[in-house]
Amino acid sequence: MKKLLICTDSFLPRIDGIAIFLHNLIPLLAKKYKITIIAPEYPGNHINYKDVEIIKIPITKINIANYRPAKLNRELIKNHVLSHDIIFTQTIGPIGALSIIYASKLNKPSIAFTHSIEWELFIKAINFPKILKIHATSLMKIISKNLYNKCNLLIVPSVNTSITLEKAGIKTKKTVIRVGLDSKKFIPTKNKNLAKKKIGINSDYIVIGYSGRISHEKNLSLLVKTFKELQDKYKLYLLLVGDDGSEKAKRDLIGKDIRITSFVKDVAPYLQAMDIYVLPSLTETSSISTIEAMSTEIPVIATPIGAIKEYIHHGYNGFFIKLNSEKSLKENLVKLIEDKKLRLKIGKNARKTVTKMFSWKKTSSELIKVFEKF
C-alpha cells in the first residue's frame, strides 16, 4: 500500500471549501492508501479518520483576513515528505509551500489541487489600499508561479482555472477533476414552510440565503445592501450561514430580518429553508456551497467566475450577475422573488445538473487514477 502525504493549510475544525473537500475524500482515499495528514492545529473539536494519521502544527498569532497560518516546521515536513510515496498539497501556505519545496528537492512526486487562484484570493480577501493592490498581486503571482512550477502535476477543478494558471506562466501539466457532492444529504425539502419554521423563520418570508465564510472576497456587503433596498416592497429574510471569526465583518452585515448563524454542524436544513441562494463573490474556483445549494433545489444567483461558469447556465438552472453590480443583482432577485413558479423550475433544473456532474465517489476515483501514475 502506497503512502500518501496530504499537506494542507486549512483543515477541520476550520470550515471552508478545502476542509469540506478533504473531509469527504479522506475516508475514500484511505481504502487505497496509507494516509498521513499535516495540517494546522485550529481550536475546536477535532475529527479522526480510521487508519489515518493526523499531525497538527500549532498556528501563529498572525491574523491575515481572519486566517491564522501554521508555524514553520521545516524538519517535520521534510522528514514526512522523505518517508512518503506521493505528496498531495491543497494550498501554498506555510505547510503546502514547504511540502512542495521539499518534494522537489527530494525528488518525490508532488501533486497540488488548486482550490483557488491564490493571488486573486489574497488580494480580494484583504481590503488593500489601491496603491498596494498591483504590487501585492504581482508578488503573489511570482510566488504561486515559482511553487506550482515545482510540482509534477496540478489538479484543477475547471478548464477556466487551468487557463488562468497558464496565462500566469504556470507551465506544469494540468488535469481537470471536479469537486464532489453528497446528493443524498443535500436534498430538497418536501415542505418549504416547515423547513423555515424548523430554524425559527416565519413561513411568510421569502428567504434569501448564503452559506460559507463571512469574508471580504465573498462580497456579502453587496447582497446586504441590495436586500435592504428591497425590504420595503417585499417580505424578505436574509439568512447568512457561516462564520469567519470576524466580529467586524459580521457587524457590517447586521440589519432588520438578517440572521448570521455562525458555525453550524449541518448546513442542509438551512439550505432547505432558503428560497433563493446568492453568491456575489469576487473570486471562486468551484464553490462547493453553491453546488450544495443547487442540489437542494434552490435557484442560484452568482457571479460568472471559475467553474461556476461551467455548471450554471443562465436562465436554465440559475442566473448570472455582473461582477459587483447592485443593479444586476437587484434585477435578478426581483425576477425570482416575484415568480414562485420560476423559482421552482430553476431549482429543479439545478439539482438535475449537479447530481449528474458531481459526486465524491467520482472525484476520489479520478484522483486515484492520477496517483497510480506516480
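The values are calculated or read from the model by the stated rules, or taken from the named source; none is laboratory data. Computed from a prediction, not measured in an experiment: that's the story for all the values here. Methodologically, a virtual Cβ is constructed for each residue, glycine included, from the backbone with ideal geometry; neighbour enumeration extends over all protein chains shown.
Some notes on this structure:
- Listed by position, the strands (runs of 3 or more DSSP E) inside the stretch 1-97 whose residues that are of a type in the set (D, E, K, R) and within 25 Å of F374 (Cβ to Cβ) number at least 1 are 3-7, 34-41, 52-58.
- Residue in the stretch 346-354 that is assigned to a loop (DSSP other than H, G, I, E, B), farther than 19 Å from V156 by Cα and at pLDDT 95 or above present: no
- Test result for E292, crowded, with 22+ Cβ neighbours inside 10 Å, over 19 Å from L222 (Cβ atoms), of a type outside the set (A, V, I, L, M, F, W, C) and touching a helix residue (DSSP H, G or I) at 6+ places or on another chain (Cβ under 9 Å): yes
- Some residue of the stretch 35-48 being at pLDDT 95 or above and either in contact with a Gly (Cβ under 7 Å, 6 or more places away or on another chain) or over 29 Å from K218 (Cβ atoms) (or both): yes
- Matching residues in the stretch 316-374 - criterion: being free of Cβ contacts under 8 Å to residues at least 24 places away in the same chain and in contact with a helix residue (DSSP H, G or I) (Cβ under 6 Å, 6 or more places away or on another chain): K322
- Residues of the stretch 26-82 classified as within 12 Å of L12 (Cα to Cα) and free of Cβ contacts under 8 Å to residues at least 12 places away in the same chain, total: 1
- In summary, I301 fulfils each of the numbered conditions (1) under 21 Å from the mean Cα position of the chain (by Cα); (2) in a loop (DSSP other than H, G, I, E, B) with the single exception of condition (2).
- All positions within the stretch 66-93 that are more than 28 Å from E366 (Cβ to Cβ) and not hydroxyl-bearing (S, T, Y): N66, R68, P69, A70, K71, L72, N73, R74, E75, L76, K78, N79
- The residues on offer are K327, K335, and the sole one that is more than 16 Å from P188 (Cα to Cα) and touching a Phe, Trp or Tyr at 6+ places or on another chain (Cβ under 9 Å) is K335.
- D85 being assigned by TED's automatic domain parsing to the domain that holds A112, on the phi > 0 side of the Ramachandran plot and not aromatic (F, W, Y): no
- Matching residues, the stretch 98-124, being among the polar types (S, T, N, Q), crowded, with 19+ Cβ neighbours inside 10 Å and not in a helix (DSSP H, G or I): S110, T114, S116
This table checks each residue for (1) free of Cβ contacts under 8 Å to residues at least 24 places away in the same chain; (2) of a type outside the set (D, E, K, R).
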position	(1), (2)
A136	yes, yes
V156	no, yes
I170	no, yes
I177	no, yes
I187	no, yes
K192	no, no
G209	no, yes
G212	no, yes
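- Selection status of L282, in contact (Cβ under 8 Å) with a residue 40 or more places away in the chain, surrounded by fewer than 16 Cβ atoms within 10 Å (Cβ to Cβ) and either within 27 Å of I64 (Cα to Cα) or among the β-branched types (V, I, T) (or both): no
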